Each structure stands twice: as structure tokens, then as C-alpha cells.
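Worksheet: one structure, shown below.
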């Protein structure tokens with residue numbers, strides 16, 4: 001199962017539209033996970049219309065309309081892999097320990113907020129993934145998103161993809 005991971009799209013504040021390559025990935029993915037900061041309800045509508053399966057949460061920049069439609073934390077099992085999704089995880093220092101304690105029943109935690117890609121594994125085996133942002137790279141060299149392949153209860157591939165500047 002091919003899964004697209006994205007977060008911090010921040011439309012229309014950071015970009016007017018999503019990058020074309022990200023839209024193609026939404027169409028091609030078996031499931032899409034968005035870890036919050038959509039900012040615009042139209043962006044959620046777009047993802048819902050295009051994704052075969054969408055798992056999303058709200059972020060700190062998402063207002064009442066998005067919070068009414070999305071949870072703060074989402075959990076889903078995809079191809080036997082137990083995912084948890086949340087926008088914020090706090091400071092980088094101690095992140096693995098804190099998240100492993102908060103999500104003991106998850107195999108993978110997808111998060112956002114920092115716009116900085118992250119891929120580590122806690123001592124408990126929890127994999128922590130932040131795909132960065134496809135529209136606001138902050139101090140990173142490129143805008144980013146991730147794809148993962150899940151099969152028979154494990155991740156068999158995790159790839160960070162760089163993007164050119166969105167419109």
C-alpha cells in the first residue's frame with residue numbers, strides 16, 4: 001500500500017495552490033495522511049475529493065470550521081501498520097521518548113508543525129515521521145512531502161521528496 005504523508009499546506013497563505021506533483025501523488029496514493037495546518041477549508045475539500053482514503057487532523061493554524069471536521073489525533077491501520085497522526089509533538093529534544101509514551105499502541109507517528117522533515121525511531125520501535133511542508137520550507141533547502149509503502153504490518157519503504165517552489 002502506497003501512502004502519501006503531508007502536512008502544513010497553509011493555503012492560501014504560503015502558496016496559492018498545491019504543487020502539481022503533490023496533486024499527482026494524492027491521485028496515485030492508496031491513502032493520504034495530512035498532519036494539520038490546512039488553514040483553508042477548500043484545501044480539505046480538495047484532498048477529500050481526490051484521495052481514495054484520507055486521514056487528517058487539525059493543526060494550530062486551523063480555525064473552527066476545520067476543527068469541526070477533523071480530530072486533534074487520528075488513528076488508523078493501513079496494510080497492518082498502526083498509524084497515529086497529530087500536528088504538534090513539542091520540542092525536538094526528548095521527542096521520541098514523549099511520543100512513545102503518548103502513543104504506545106502505534107507503529108508509526110506522523111506529525112507536522114515544524115515544517116522540518118524528521119525520521120527517527122524511538123527505543124520502543126515507534127517510527128516518527130514528519131514530511132515537512134510542500135508549501136513553506138522554512139529553513140530547509142526544498143519544500144517536501146513523504147511517501148511510504150506499508151505491507152503485511154511493516155513499513156518497507158520511506159522516501160522524502162523535494163519539490164520546487166509552489167505558485
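The values are calculated or read from the model by the stated rules, or taken from the named source; none is laboratory data. Predicted, not measured: the structure shown is a model, and the values here were computed from it. Positions of Cβ are generated from backbone atoms using ideal geometry, with glycine treated the same way; all protein chains shown enter the neighbour counts.
Annotations
- Answer residue from the stretch 1-20, given it is outside any loop (DSSP other than H, G, I, E, B) and surrounded by fewer than 23 Cβ atoms within 10 Å (Cβ to Cβ) and is modelled with the lowest pLDDT among those: 20
- Yes/no for residue 132 being modelled with pLDDT of 95 or more and farther than 26 Å from residue 77 by Cβ: no
- Verdict on residue 23 being free of Cβ contacts under 8 Å to residues at least 60 places away in the same chain and under 26 Å from residue 157 (Cα atoms): yes
- Filtered by the rule that a residue be within 13 Å of residue 8 (Cα to Cα), out of contact with any strand residue (DSSP E or B) (no Cβ under 8 Å at 6 or more places or on another chain) and without any contact (Cβ under 8 Å) to a residue 40 or more places away in the chain, the stretch 37-51 gives 39, 40, 43.
- Residue selection: residue 141 fails the criterion of being surrounded by 23 or more Cβ atoms within 10 Å (Cβ to Cβ), touching a residue at least 12 places away in the same chain (Cβ under 8 Å) and assigned to a loop (DSSP other than H, G, I, E, B).
- Screening residue 156 against (1) modelled with pLDDT under 95; (2) touching a strand residue (DSSP E or B) at 6+ places or on another chain (Cβ under 7 Å); (3) within 26 Å of residue 11 (Cα to Cα) leaves a single unmet condition, (3).
- Flag if residue 11 is touching a helix residue (DSSP H, G or I) at 6+ places or on another chain (Cβ under 7 Å) and within 13 Å of residue 135 (Cα to Cα): yes
- Single residue of the stretch 98-138 satisfying the filter (more than 19 Å from residue 87 (Cβ to Cβ) and out of contact with any strand residue (DSSP E or B) (no Cβ under 8 Å at 6 or more places or on another chain)) that is surrounded by the most Cβ atoms within 10 Å (Cβ to Cβ): 124
- Qualifying residues in the stretch 21-42 (those that are in contact with a helix residue (DSSP H, G or I) (Cβ under 9 Å, 6 or more places away or on another chain) and farther than 11 Å from residue 4 by Cα) - the one surrounded by the fewest Cβ atoms within 10 Å (Cβ to Cβ): 41
- The one condition from (1) touching a strand residue (DSSP E or B) at 6+ places or on another chain (Cβ under 9 Å); (2) exposed (fewer than 13 other Cβ atoms within 10 Å of the Cβ); (3) within 28 Å of residue 13 (Cβ to Cβ) that residue 80 does not meet is (3).
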